[in-house]
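Colleague: One structure, pasted below without further comment.
Any read-out appearing in this document is the output of simple, stated calculations on the displayed coordinates, not a laboratory observation. All values reported here derive from a predicted model rather than from experimental measurement. Here Cβ is always computed from backbone atoms with ideal geometry, including for glycine, and neighbour counts include all displayed protein chains.
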Amino acid sequence: MNIRIITFNIRYDKPDPDNQDWRIRRDAIAALIQEYHPDIIGTQEGKAHQLLDLHRRLPNYQSIGGDRTGTGTGEHCAIFYNQDRLKCLDNGDFYLSDTPDIAGSISPEWGNPAPRMATWAVFSVAQVSKTITCFNTHLDYTSAKARELGARLIRDRMIHCHPDNTYLFLTGDFNAEPGSLPREILSDSSTNSMILHDALAGVELEKQQSIHGFTGEAFAAVDTIYYDSRLRQETVTVDNRKWQGIFPSDHFPVIANFVND
């Protein structure tokens, strides 16, 4: 099995000025995706009309996932997948709070001002015995406690995915850098039933940096892909190029390839 995965914060439609405007950026994002032709794309911040714009430009892809408010009007952690190769068997959302099954829920003691969520999906791959289970999230920007507790909740949910039958992935904008507590929680190796590796762990820190605020000069390594330790990572890159003459987002995407030997 070969699997290519992208994690990409596409930036919500604010709207922004000039070349940062979504109506210009959407074609650059689609061009990037078409070039890499990934199997799975974990996106963050997309609103419903942005996801629809990408669907119109990427007919081979379907997506799953609700929005963080539970109303359909908020930001999504949508997972796009290549329908030519993958079939979605199951999917769902949960919310990063003490009541994770209540859409749009917030726990005040966590300290996050807006709801946060994770979306997950189980995929079958032709001629592969195990399924692929991918989680995708966007941890809170302001509250360290919310990031910590959100990471613990996501890891707990992943542990209960029957790892014997599936390969696990987690994509996201974690709003936390390598070595921080949330990132350490996600890569905790003490649970033998589920060990996740950070796809960028072997890359020098400067080259892991992904958020750049449309300047092209990245300053924080907050985006990555965690992958099942039973797989082998072949390649990983943070793509810091312009596409169609512009930066597609204020984050650079992370692209990685994995195989099972």
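Colleague: Given C-alpha coordinates of region 61-132, what is the ratio Rg to Rh with the Kirkwood estimate of Rh?
Modeller: 1.09
Colleague: Hey, another quick one. What's the lysine pair count for the chain at a Cα cut-off below 28 Å, pairs eight or more apart or interchain?
Modeller: Lysine pairs meeting both conditions in the chain amount to 10.
Colleague: Moving on to the next point. Per-residue ellipticity at 222 nm for the chain, helices alone: DSSP H runs ≥ 4 residues times -39500 (n - 2.57), over residue total, nearest 500 deg cm²/dmol? Show your work: numbers first, answer last.
Modeller: On the way: 5 runs with 51 residues, N = 261.
Using -39500 (n - 2.57) per qualifying helix, the result is -6000 deg cm²/dmol.
Colleague: Please order PHE252, PHE169 by the number of other Cβ within 10 Å, starting at the fewest. Numbers along the way, then the final one.
Modeller: Values: PHE252 22, PHE169 28.
Fewest to most other Cβ atoms nearby, the residues stand as PHE252, PHE169.
Colleague: When Lys and Arg each count +1 and Asp and Glu each count -1, what net charge do the other residues less than 14 Å away from GLU45, Cβ to Cβ, add up to?
Modeller: Values: positive: ARG11, LYS14, ARG25, ARG26, LYS47, ARG68, ARG116; negative: ASP13, ASP16, ASP53, ASP67, GLU75, ASP140, ASP173, ASP223, ASP250.
Around GLU45, the charge tally is -2.
Colleague: In terms of the Cα gyration tensor, with a ≥ b ≥ c the square roots of its eigenvalues, is region 44-173 rounded because a/c is under 1.5, prolate because a/b exceeds b/c, or oblate?
Modeller: On the way: a/c = 2.49, a/b = 1.32, b/c = 1.89.
Oblate, since a/c reaches 1.5 and b/c is not below a/b.
Colleague: Can you tell me, using C-alpha contacts under 8 Å and at least 6 residues apart, the relative contact order of the chain as a whole percent?
Modeller: Details: 623 pairs, mean separation 52.9, N = 261.
Taking the mean separation of contacting Cα pairs over the length of the chain, I get 20 percent.
Colleague: Shifting gears a bit: Rounded, prolate or oblate: which fits the chain when a ≥ b ≥ c are the square roots of the eigenvalues of the alpha-carbon gyration tensor, with rounded for a/c under 1.5 and prolate only if a/b beats b/c?
Modeller: Rounded, since a/c falls under 1.5.
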